[in-house]
Amino acid sequence: MSSQAIGVFDSGLGGLTAVKQLRAIMPHENIVYFGDTGRVPYGNRSAATISRYAKQDARFLLSHNVKMVIAACGTVSSTVLDLGQVLPVPYINVIAPTALAAVNATKNGRIGVIGTRATIGSGAYKKEIERLDSGVTVIQRECPLFVPIVEEGFISPDDEIARLSVERYLCYIKAHGVDTIILGCTHYPLLKPVIGQYVGADVKLIDSGKETAIYASKLLESRGLLNDSRNTGECSFFVSDRTEDFTSTASIFLNSNIGENVERVDIWNY
Ligand code: DGL
């Protein structure tokens, strides 16, 4: 049993969608969250830059004595493949649990994957799905406009910008008759109502934050690392740029108010 915190990092605040799921599934766990708001977005950067940033982010979390590191970021998860080997604590990313959930969910063997340019370019989800089941067809699509659209708060199914963007990016995937779509980026769960409306209620939308939170809880349990406290866990939030506006932006992703509990860190020191 361990009261040490779970460390979660993301390129920015989008990873709070995963924190929301972790808190729902493991309410007694303490969480340290780092959002690299000073260097976001990662999704259009080279693999070498993303790797350098991700290692600094993970080192920052280790300085808080975390018992596990979770990369909530789809971009980091798909492009930084050696992170687990350089960390002294269990490391998980979103690819394996999300791909497994999609393979288990599909009935017609056609899975769509959407993510940032780096995520789709890496082919990480496609490779993992095909490793799990070589009979599945994977149709991928990068959706670079979705991140700014969510950050602007254009997430209602009535919002014309959101609707048109979803239609523009997903028409290719829809035309291929997928019955399951992986939302392979931290921000995309917020577009679920718009995406669901466009692709139809029969298409299953797989949330990478949720699947990863379920996987994290099983892994911690199997290693005897869950927190046995009955108190609600504490969350500490750190960012690499201005802390003003954090609460309002964070509340979009967490869907709850987290007060002013945020600190700025100089991530270049890690
Ligand atoms: N967090 C990133 C992801 O999940 C999206 C934002 C970015 O491009 O950095 O891929």
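Let me know the whole percent of all Cα-Cα pairs from region 114-209 that are separated by more than 20 Å. For region 114-209, the fraction of Cα-Cα distances above 20 Å is 31 percent. About the centre of its Cα atoms, region 18-70 shows a dipole size close to 120 debye [charges on the beta carbon of Lys, Arg (+1) and Asp, Glu (-1) only; nearest 20 debye]. Here the simple spin-label model places points 7 Å from the Cα toward Cβ, and for Arg163 and Asn261 these points are separated by 3.9 nm. On a 0 to 90° scale, report how tilted helix 160-175 is relative to the longest principal axis of the chain, with both axes built from alpha carbons and the result rounded to the nearest 10. Helix 160-175 and the main axis of the chain meet at about 70 degrees. Here the scattering of region 126-270 is modelled by Debye summation over its C-alpha atoms, one equal scatterer each and no solvent; at q = 0.13, 0.20 Å⁻¹ the log10 of I(q)/I(0) is -0.81, -1.26.
Amide H contacts of Ala5 (H built 1.01 Å from N, in plane; Pro and chain starts excluded): Lys67 sit under 5 Å, all sequence-distant by 5 or more or on other chains.
Length gained on full extension, Arg59 to Val86, computed as 0.36 nm times the residue gap minus the Cα-Cα distance: 8.7 nm. Overall shape: prolate for the chain, with the ratio a/c of the largest to smallest alpha carbon gyration tensor axis at 1.5 or above and a/b above b/c.
How big is region 38-176 by the Kirkwood estimate over distinct Cα pairs, in Å? Intermediate values should be presented prior to the final figure.
Values: mean 1/r = 0.0608 Å⁻¹.
Every distinct Cα pair counted, the radius reaches 16.4 Å.
With bins 10 Å wide beginning at 0, the percent of Cα pairs of region 165-208 falling in each bin runs 30, 65, 6.
Whole-Hz Karplus values for region 120-127 come out as 5, x, 6, x, 4, 5, 4, 4 Hz, taken residue by residue from phi with 6.51 cos²θ - 1.76 cosθ + 1.60 and θ = phi - 60°; glycine and proline positions read x.
When a 1.4 Å probe is rolled over the protein heavy atoms, the share of accessible surface on the chain that falls to carbon and sulfur comes to 48 percent. The angle between the Cα long axis of helix 47-62 and the longest principal axis of the Cα atoms of the chain comes to about 40 degrees, rounded to the nearest 10.
The residues of the chain present an accessible area of 43 Å² per residue when probed at 1.4 Å with all protein chains retained.
For the chain, what relative contact order do you get, as a whole percent, if you take Cα pairs closer than 8 Å and at least 6 residues apart? Please list the in-between numbers first.
On the way: 543 pairs, mean separation 75.3, N = 270.
After rounding, I find 28 percent.
The residues neighbouring Gly224, those whose beta-carbon lies less than 13 Å from its own, together hold a net charge of +1 under the Lys/Arg +1, Asp/Glu -1 convention.
Treating each Cα of region 1-58 as one equal point scatterer and applying the Debye formula with no solvent, the log10 of I(q)/I(0) at q = 0.25 Å⁻¹ comes out as -0.99. Neighbours of Asn108, meaning other residues whose beta-carbon lies under 15 angstrom from its beta-carbon, give a summed charge of +1 when Lys and Arg score +1 and Asp and Glu score -1.
Projected onto their three principal axes, the Cα atoms of region 95-155 cover extents of 38, 22, 18 Å, largest first. Considering only alpha-carbon pairs that sit under 8 angstrom and 6 or more positions apart, the relative contact order computed for region 124-230 is 23 percent. Taking amide H as placed 1.01 Å from N in the peptide plane, the amide H of Cys235 sits under 5 Å from that of Ile31, each at least 5 places away or on another chain.
If you take all other residues with their beta carbon under 13 Å from the beta carbon of Phe34, and give Lys and Arg +1 and Asp and Glu -1, the sum is -2. Amide H contacts of Asn227: Ser2, each under 5 Å away and 5 or more positions distant or on a separate chain (H built 1.01 Å from N in the peptide plane; Pro and chain starts excluded).
The values are calculated or read from the model by the stated rules, or taken from the named source; none is laboratory data. These numbers come from a predicted model, not from an experiment. So basically every Cβ, Gly included, is an ideal-geometry build from the backbone, and we count neighbours across all protein chains shown. Areas reflect the complete protein model, heavy atoms only, side chains present, ligands, DNA and RNA absent. Shrake-Rupley method; radii C 1.70, N 1.55, O 1.52, S 1.80 Å.
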